[in-house]
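Visitor: Pasting a structure here, questions to come.
The values are calculated or read from the model by the stated rules, or taken from the named source; none is laboratory data. In this text, all values refer to a predicted model and were calculated from it rather than measured experimentally. Note that we place each Cβ from the backbone using ideal geometry, even for glycine, and neighbour counts take in every protein chain shown.
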Amino acid sequence: MSDGEPWFQEGLSFECTRCGACCTGAPGFVWVDAEEVERLAALLGMSLDEFGRSYLRRVGHRLSLVEKAGGDCVFWSAEVGCTVYSARPEQCRTWPFWPMNLEAVEDWTRTARGCPGVGRGRVYSVEEILATAARTPS
């Protein structure tokens, strides 16, 4: 590998197992934009106002999904998994190819300890990984 090339030049394997490890157990923010809010509200058959009152919180100038007690995503169900999977926010769609997980092999190894989908499934090319990381809300 030459200077400037990512450590994952040969690609990385990932397949979502829908286990919920990235959706549960820790408070945080799931950032959403207007398009994502519209997509989620439509999936749930709600008006934008209804959806906002039920599922959104303002954090500074941004919007985040609310959480259940304990930090679980409001759309996580132990019985069925993500209840909005087809309309999930970009932040969820780009997991685990977040910049913070790709900085060094040690970061990817840490991510793999908490995510059973890391290291299985198809191999994503370096180009796919970098494009996905670039879409990750920060």
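Yes/no matrix, rows are residues, columns are (1) within 23 Å of Gly119 (Cα to Cα); (2) touching a Pro at 6+ places or on another chain (Cβ under 9 Å):
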| site | (1), (2) |
| --- | --- |
| Gly25 | yes, no |
| Val32 | no, yes |
| Gly45 | no, no |
| Gly71 | no, yes |
| Thr83 | no, no |
| Arg93 | yes, no |
| Pro99 | yes, no |
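Visitor: Turning to a different aspect of this structure: Please indicate, with yes or no, whether at least one residue in segment 115-128 is under 20 Å from Gly28 (Cα atoms) and either among the small types (Gly, Ala, Ser) or assigned to a strand (DSSP E or B) (or both). Break it down stepwise before answering.
Guide: From segment 115-128, those under 20 Å from Gly28 (Cα atoms) are 115; that's our starting set.
If we keep only those that are either among the small types (Gly, Ala, Ser) or assigned to a strand (DSSP E or B) (or both) as well, we get none.
Looking for residues that are under 20 Å from Gly28 (Cα atoms) and either among the small types (Gly, Ala, Ser) or assigned to a strand (DSSP E or B) (or both), one finds none in segment 115-128, hence no.
Visitor: Return yes or no: is Glu10 outside the structural domain of Val126 (by TED's automatic domain parsing), among the acidic types (Asp, Glu) and surrounded by 11 or more Cβ atoms within 10 Å (Cβ to Cβ)?
Guide: Working: outside the structural domain of Val126 (by TED's automatic domain parsing): yes; among the acidic types (Asp, Glu): yes; surrounded by 11 or more Cβ atoms within 10 Å (Cβ to Cβ): no.
Judged against the criteria, Glu10 is not a match.
Visitor: For residues that are touching a residue at least 12 places away in the same chain (Cβ under 8 Å) and within 14 Å of Gly20 (Cα to Cα), tally how many sit in segment 76-87. Steps first, answer last, please.
Guide: If we filter segment 76-87 for residues that are touching a residue at least 12 places away in the same chain (Cβ under 8 Å), which is where we start, we get 76, 78, 81-82, 84-87.
Of the ones still in play, those that are also within 14 Å of Gly20 (Cα to Cα) are 76, 78, 81-82, 84-85.
Summing the residues that are touching a residue at least 12 places away in the same chain (Cβ under 8 Å) and within 14 Å of Gly20 (Cα to Cα) in segment 76-87 gives 6.
For every residue, the table says whether it meets (1) surrounded by 12 or more Cβ atoms within 10 Å (Cβ to Cβ); (2) in contact (Cβ under 8 Å) with a residue 40 or more places away in the chain.
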site	(1), (2)
Cys16	yes, yes
Pro27	no, yes
Glu38	yes, no
Ser47	no, no
Ser54	yes, no
Val59	no, no
Arg62	yes, no
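Visitor: In the set Ala41, Ala21, which member is on the phi < 0 side of the Ramachandran plot and touching a Cys at 6+ places or on another chain (Cβ under 6 Å)? Steps first, answer last, please.
Guide: On the way: Ala41 fails: touching a Cys at 6+ places or on another chain (Cβ under 6 Å).
Residue meeting the stated conditions: Ala21.
Visitor: Could you please let me know if Gly81 is touching a Lys or Arg at 6+ places or on another chain (Cβ under 6 Å) and surrounded by fewer than 18 Cβ atoms within 10 Å (Cβ to Cβ)? Walk me through how you get there before you give the answer.
Guide: Numbers: touching a Lys or Arg at 6+ places or on another chain (Cβ under 6 Å): yes; surrounded by fewer than 18 Cβ atoms within 10 Å (Cβ to Cβ): yes.
Taking the combined requirement at face value, the residue satisfies it.
Visitor: Output the residues belonging to segment 94-124 that are touching a residue at least 24 places away in the same chain (Cβ under 8 Å), out of contact with any helix residue (DSSP H, G or I) (no Cβ under 8 Å at 6 or more places or on another chain) and surrounded by 14 or more Cβ atoms within 10 Å (Cβ to Cβ).
Guide: Narrowing segment 94-124 to residues touching a residue at least 24 places away in the same chain (Cβ under 8 Å): 94-99, 102, 104-105, 108, 114-124.
Imposing the further condition that a residue be out of contact with any helix residue (DSSP H, G or I) (no Cβ under 8 Å at 6 or more places or on another chain) reduces the set to 95, 104-105, 114-117, 120-123.
The answer is Trp95, Cys115, Gly117.
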